[in-house]
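Worksheet for the structure shown next.
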Amino acid sequence: MSKSQQLTQLSKFLSEGIQAYAMKALQVIQLSYKHTIKSWFNRHTVQSFVSLFLVGAFLSIAVASCSGNSSASKNDVKIKLVSFSVTKAAHDQIIPKFVEKWKQEHNQNVTFEQSYGGSGAQTAAVITGSQEADIVHLALPLDVNKIALAGLIKSGWEIKAPRSGIVSRSVAAIVTREGNPKGINTWADLAKDGVKVIAANPKTSGIAIWEFLAFWGSVTLTGGDEATALDYVTKVYKNTPILTKDAREASDLFFQKGQGDVLINYENEVILAGKNGTKLPYVVPQVNISIDNPVAIVDKNVDKHGTREVAQAFVDFLYSTEAQREFAKLQYRPVNPTVTQEVASQHPPIKTLFTSQDLGGWDIIQKKFFENGAIFDKVQAVSKA
């Protein structure tokens, strides 16, 4: 039995006892007046009942006060969730389910403060402390690793978590204009002359890093060498006049403002846009990268806020069948085996699906491609020139 339940029962017991004492006192008083039998209800007897009543009332108020304070402190639990831009629709469905479940099981109210944006920018905000996240759900493990290196998340976070900390998945998709006038069907077509590509910036966005790795791996993992890959990605970024800060901004630029010939985005984001009335043809390339989105508790912050228990419960809930079905409804590729089986027919099979490990793992990827002065910066310098 929880402490809250024990206090509630104690309060009820004392309240019932007080009522019994009061009723007894009233009965005796009535009886004394009716029969004027002063020996039954002399001054000392009245004082005794009154004293008992006052003591009981005092105890009742004290217990109610303690119980009220306990309830107030429990109701004050707030979790700060910091995530990347396109997960909002999923969390809007999942969070109320968790809040209801926690309330039923623990008689405790939980509220969520949520923040969404480009994964790279969100990561930087958590590291600087401008976003004191209890939980991060980010676009790629590299961003969680950066927070861990800053001392906010314990090392080995991915080993301790279910499924290596990956809670949602997707793949990359190529969206074209109606009728596909530029004939874009493969990654190679993005390097054609006259094609305008809408993509995000790897310095601020997780999807942008996945995009870059998809471009690079489409060459190096199908028999091409790194020189060929470098030439290819340089041509693609020459065809990218604007790099947006995140996936959602890229979608808005392409779908709402009509810019560009082709958009690279998450498969689930493209499908969601179609369901919301902005449907355009798209293709999921047969050489593709598994886009793995991690979730992690920010250890330093949950210890500071006293929210570890609830934060851990929410992270665990994200892996549940109930939560994974919500991800699946929004066309994420679920990580829960039961839900994966349920929705297998909804996702086209991919001939060559590679992972970050096939490109050397995140430490190598960061140093090789995205550190200052690394391959992406060199590609950008050439593209701008």
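The values are calculated or read from the model by the stated rules, or taken from the named source; none is laboratory data. What you see is a predicted model; the values in this text were computed from it and never measured. Cβ coordinates were reconstructed from backbone atoms using ideal geometry, including for glycine residues, and neighbour counts include every protein chain displayed. Please note that ligands, DNA and RNA were not included when accessible areas were found on the heavy atoms of the full protein model with its side chains. Shrake-Rupley method; radii C 1.70, N 1.55, O 1.52, S 1.80 Å.
Residue count for segment 240-255 under the criterion of being more than 26 Å from residue 333 (Cβ to Cβ) and assigned to a helix (DSSP H, G or I): the result is 0. Pull up segment 119-150, narrow it to residues that are farther than 23 Å from residue 364 by Cβ and under 15 Å from the mean Cα position of the chain (by Cα), then point me to the one that is most open to solvent (accessible area, probe 1.4 Å). Ranking the candidates gives 132 first.
When you go through 314, 255 one by one, which is the residue that is touching a helix residue (DSSP H, G or I) at 6+ places or on another chain (Cβ under 6 Å) and open to solvent by 20 Å² or more (accessible area, probe 1.4 Å)? Step through it out loud before you land on a result.
Working: 314 fails: open to solvent by 20 Å² or more (accessible area, probe 1.4 Å).
Step by step, each of 314, 255 is checked, and only 255 is touching a helix residue (DSSP H, G or I) at 6+ places or on another chain (Cβ under 6 Å) and open to solvent by 20 Å² or more (accessible area, probe 1.4 Å).
Restricting attention to segment 187-231 and to residues that are closer than 25 Å to residue 292 by Cβ and among the acidic types (Asp, Glu), the residue that is surrounded by the most Cβ atoms within 10 Å (Cβ to Cβ) turns out to be 211. The condition of being under 30 Å from residue 322 (Cβ atoms), surrounded by 15 or more Cβ atoms within 10 Å (Cβ to Cβ) and aliphatic (A, V, I, L, M) holds for only one of 159, 174, 184, 153, that being 153. No other residue among 329, 384, 351 is open to solvent by 60 Å² or more (accessible area, probe 1.4 Å) and either over 20 Å from residue 211 (Cβ atoms) or at pLDDT 95 or above (or both) apart from 329.
Pairing residues of segment 105-120 that are closer than 14 Å to residue 246 by Cα with residues that are part of a loop (DSSP other than H, G, I, E, B) and among the hydroxyl-bearing types (Ser, Thr, Tyr), at Cβ distances under 6 Å and at least 6 apart in sequence or on separate chains, gives 118/204; 118/205; 120/204; 120/205.
Considering only segment 259-280, state which residues are open to solvent by 50 Å² or more (accessible area, probe 1.4 Å) and at pLDDT 90 or above.
In the first step, residues of segment 259-280 are kept if they are open to solvent by 50 Å² or more (accessible area, probe 1.4 Å); the result is 259, 275-277, 279.
Correct list: 259 only.
Scan segment 218-227 and tell me whether some residue there is among the polar types (S, T, N, Q) and within 30 Å of the chain's Cα centre (by Cα). Steps first, please.
Keep residues of segment 218-227 that are among the polar types (S, T, N, Q), which gives 218, 220, 222.
Still in the running and within 30 Å of the chain's Cα centre (by Cα): 218.
For segment 218-227, residues among the polar types (S, T, N, Q) and within 30 Å of the chain's Cα centre (by Cα): present.
If you check residue 326 against the conditions, is it over 29 Å from residue 250 (Cα atoms) and of a type outside the set (A, V, I, L, M)? Talk me through it step by step, then tell me what you get.
On the way: over 29 Å from residue 250 (Cα atoms): no; of a type outside the set (A, V, I, L, M): yes.
So residue 326 does not fit the description; no.
Under the condition of being surrounded by fewer than 17 Cβ atoms within 10 Å (Cβ to Cβ) and touching a residue at least 60 places away in the same chain (Cβ under 8 Å), the residues counted in segment 301-311 number 1. Taking the numbered list (1) without any contact (Cβ under 8 Å) to a residue 40 or more places away in the chain; (2) open to solvent by less than 10 Å² (accessible area, probe 1.4 Å); (3) aliphatic (A, V, I, L, M) in turn, residue 295 passes all entries but (1).
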